[in-house]
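Notes follow once the structure below has been shown.
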Amino acid sequence: MPEKILILDFGSQYTQLIARRVRELNVYCEIYPYNNVPALTDEVKGVILSGSPCSVRDAEHPTIDLAQYLGKLPVLGVCYGAQLIAHESNGEVTPSTIREYGRARLSELHTANRLMKELTPGSVVWMSHGDTIKEVPDNFEILASTDTVRVAAYKLRDQETYGIQFHPEVTHSDEGKTLLRNFVVHICRCMQDWTSEQFVDATVAELKQQLGNDKVVLGLSGGVDSSVAAMLIHHAIGKNLYCIFVDNGLLRKDEFANVLDSYKHMGLNVKGVDAKSKFYDALAGLTDPEAKRKAIGRVFIEVFDEEAHKIEDVKWLAQGTIYPDVIESLSVKGPSATIKSHHNVGGLPDFMKLKVVEPLKTLFKDEVRLVGKTLHIDDAILGRHPFPGPGLAIRILGDITPEKVQILQQVDHIFISNLKKSGLYDEVWQAGAILTPVQSVGVMGDERTYENVVALRAVTSIDGMTADWSRLPYEFLADVSNEIINKVKGVNRVVYDISSKPPATIEWE
Ligand code: XMP
């Protein structure tokens, strides 16, 4: 097991960012809700306490037994974490009298201290708190202040315990990364040897051990996560990995054949299953988005189960679960309320009685891509836009027919191939077309037409949580619109969606 930093989550919106910044330093870390932390092991080199929307002054504030950590290994409290340590050490935490939100500048820096090494006086940091640490006990040394905050950073004199009231993990803190490096490298003495090459070697070795000669089944979707998971397991057990790629009739134009082909080139033992008609039958007449999602999920499980049963003596089910899914299901607040019956249609039921193997469950999305690169997976797969499991079914508003799917596939294909041709594809997080149930008047040749309206949607985003519409050039939109109207029978009007998320979502259903 690699050495690691534990991050205890008290519910801050920035906790995942702390983890990403630490990992960018090639140091492995794990996030746990403050009330469900595993016991310390030798691999743990330091602990970071996150921020929180709560106040240590509330009777019911989230807390932990700090004695487990303080003085035993290096600890860094960030914002609430720093206030909690101060509060429990008989310091004084009071409501801020002036606004402590936004940029501030560090002064009176103790650069001789290891946490502050190489930080420059005046360095900009991001503040976001409603409480402030007013007084600290004598065994606290103040390491930095700002104009309005006297105790911006502190250290306990006799131990490696630190607190900072600002957020080094957000990019608005100019030297936040230096401070985090100081903590994990100079104070916790982590080796910075957690790289994607190291991850691949260690994971393949572990998978060999864990899986031995057992057979494993995995559902490929054409997306990044399942493809990378498959390649890792393939490196460990070769032909004992049985991949299943289901054509649900709701994929992009030619996607099934193309992706199947790339998988075969990658050496994967993959079976393509044409189940289009089963999905169309189950969807016939359904208009409610949730009902459509559920029908697709159900048929997928039926098809997958039938195929898995054909593999004699299969023991394991592999899944491309990634770290944000794991964190969400463990989070302080519990799994976030289901707005759509999202997102992994491939979640399989217990009746399959298979043991589950999830080789990517400690990685963030961009780390999965890096691992994919290390495994030499084609850029065409690694750079693909995310695509929803229920596919075009949630981009055809209303009921689904094979004819509508065909129309939308042509529209989508024109949009996506033009994005690729003009070099815009990689600037966009996700793009697609929506077939609306609206008909509008047009003129073709000498005839009046009354045909469908399609909408184009392209968004920029970092993580899919929030998104903004892509400012695609007008000329580009004009060309795509002309091509769609000229080539796709059944469409006479094209509109472009300029809603941001939230309040809108990326998909229309
Ligand atoms: P929304 O529309 O919620 O989408 O902003 C966020 C991301 O999730 C994808 N998405 C889905 N993925 N099953 C999936 O596997 C679904 O039912 C589903 N609905 C939305 C969407 O494409 C976007 O990337």
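Just so it is clear, none of the values below were taken in a lab; they were calculated from the coordinates. Just so you know, these numbers come straight off a predicted model, no measurement behind them. Virtual Cβ from ideal backbone geometry, glycine too; neighbours counted across all protein chains shown.
Using Cα positions and a limit of under 16 Å, work out the lysines in reach of Lys278, with same-chain residues fewer than 8 apart set aside.
Lys292, Lys294
If you count the DSSP beta bridges with both ends in the chain, what percent of them are antiparallel, to the nearest 5?
On the way: 33 of 74 bridges.
Roughly 45 percent of the beta bridges in the chain run antiparallel, per DSSP.
Starting from 0.36 nm per residue, how many nanometres of slack lie between Ala380 and Gln192 once their C-alpha separation is accounted for? Provide the component values of the computation, followed by the final result.
On the way: separation 188, 0.36 × 188 = 67.68 nm, distance 3.02 nm.
Taking Ala380 through Gln192 to full extension adds about 64.7 nm, to one decimal.
If we count every other residue with Cβ under 12 angstrom of Trp126's Cβ, Lys/Arg +1 and Asp/Glu -1, where does the sum land?
Around Trp126, the charge tally is -2.
What order do you get for 314-320, 481-487 when each peptide is scored by the mean count of other beta carbon atoms within 10 Å, highest first? Can you show the working numbers first?
Working: 314-320: 21.0, 481-487: 15.6.
By packing density, highest mean first, the sequence is 314-320, 481-487.
Along the charge dipole of the range 196-382, which of Ile381, Val356, Val204 sits closest to the positive end, that is, farthest toward it, with unit charges on the beta carbon of Lys, Arg, Asp and Glu (+1, +1, -1, -1)?
Towards the positive end, the residue furthest out is Val356.
I want to check the label-to-label distance for Ala59 and Gln159. Put each point 7 Å from Cα in the C-beta direction and report it in nm to one decimal.
Rounded to a tenth, the inter-label distance reads 2.9 nm.
What's the magnitude of the charge dipole for the chain around its Cα centre, counting Lys and Arg as +1 and Asp and Glu as -1 at the beta-carbon? Answer in Debye, nearest 20.
Working: 54 positive and 68 negative charges, 80 e Å.
With only Lys, Arg, Asp and Glu charged at Cβ, the dipole is about 380 debye.
Using Cα atoms only, what is the angle between the long axis of helix 289-309 and the major principal axis of the chain, expressed in degrees (0 to 90) to the nearest 10?
90
How big is the dipole moment of the range 196-382 about its Cα centre under a simple scheme where the beta carbon of each Lys and Arg is +1, that of each Asp and Glu is -1, and everything else is neutral? Debye, nearest 20, please. The partial results should precede the final answer.
Values: 23 positive and 27 negative charges, 48 e Å.
Roughly 240 debye for the range 196-382.
Rank by packing, highest mean first: peptides 406-413, 107-114, with packing defined as the count of other Cβ atoms within 10 Å averaged across residues.
On the way: 406-413: 21.5, 107-114: 14.9.
Per-residue Cβ counts within 10 Å, averaged per peptide and sorted highest first, yield 406-413, 107-114.
Taking the Cα centre of the range 4-187 as origin and charging only Cβ (+1 Lys, Arg; -1 Asp, Glu), how large is the dipole, in debye to the nearest 20? If you can, show how the numbers build up before the last one.
Details: 18 positive and 23 negative charges, 106 e Å.
Charge dipole of the range 4-187: 500 debye, to the nearest 20.
Please sort 229-235, 360-366 by packing, taking for each peptide the average over its residues of neighbouring beta carbons within 10 angstrom, highest first. Spell out each step's value before the answer.
On the way: 229-235: 24.3, 360-366: 18.9.
Final packing ranking: 229-235, 360-366.
Modelling each spin label as a point 7 Å along the Cα-to-Cβ direction, I'd like the Tyr450/Lys134 distance in nm, to one decimal.
7.4
Antiparallel as a % of all DSSP beta bridges within the range 4-187, to the nearest 5?
50
List the residues, sorted by chain then number, that are 5 or more residues from Gly46 or on another chain and whose placed amide H is less than 5 Å from its amide H.
Amide H neighbours of Gly46, under 5 Å, 5+ apart: Leu6.
What relative contact order, as a whole-number percentage, does the chain give when Cα pairs under 8 Å and 6 or more residues apart are counted?
Values: 975 pairs, mean separation 54.3, N = 509.
Relative contact order, the chain: 11 percent.
Run the quick spin-label model on His265 and Lys489: label points 7 Å from Cα toward the beta carbon, then report their separation in nm to one decimal.
3.3
Which entries of Lys276/Lys361; Lys215/Lys361; Lys239/Lys271 show an alpha-carbon separation above 22 angstrom in the structure shown?
Details: Lys276/Lys361 31 Å; Lys215/Lys361 20 Å; Lys239/Lys271 12 Å.
Pairs exceeding the cut-off: Lys276/Lys361.
When a/c is below 1.5 the answer is rounded, else prolate if a/b is larger than b/c, else oblate, so apply that to the range 111-178 with a ≥ b ≥ c taken from the square roots of the Cα gyration tensor eigenvalues.
Numbers: a/c = 1.84, a/b = 1.22, b/c = 1.51.
Oblate, since a/c reaches 1.5 and b/c is not below a/b.
Please give every one of the lysines within straight-line cross-link reach of Lys155, meaning a C-alpha to C-alpha distance under 25 Å, and leave out same-chain neighbours fewer than 8 residues apart.
Within the straight-line limit of under 25 Å, Lys155 reaches these lysines: Lys4, Lys45, Lys72, Lys117, Lys134, Lys177.
Give the Rg/Rh ratio for the chain, taking Rg as the radius of gyration of the Cα atoms and Rh as the Kirkwood radius, to two decimals. Write out the running numbers ahead of the final one.
On the way: Rg = 26.4 Å, Rh = 25.6 Å.
Result for the chain is an Rg/Rh of 1.03.
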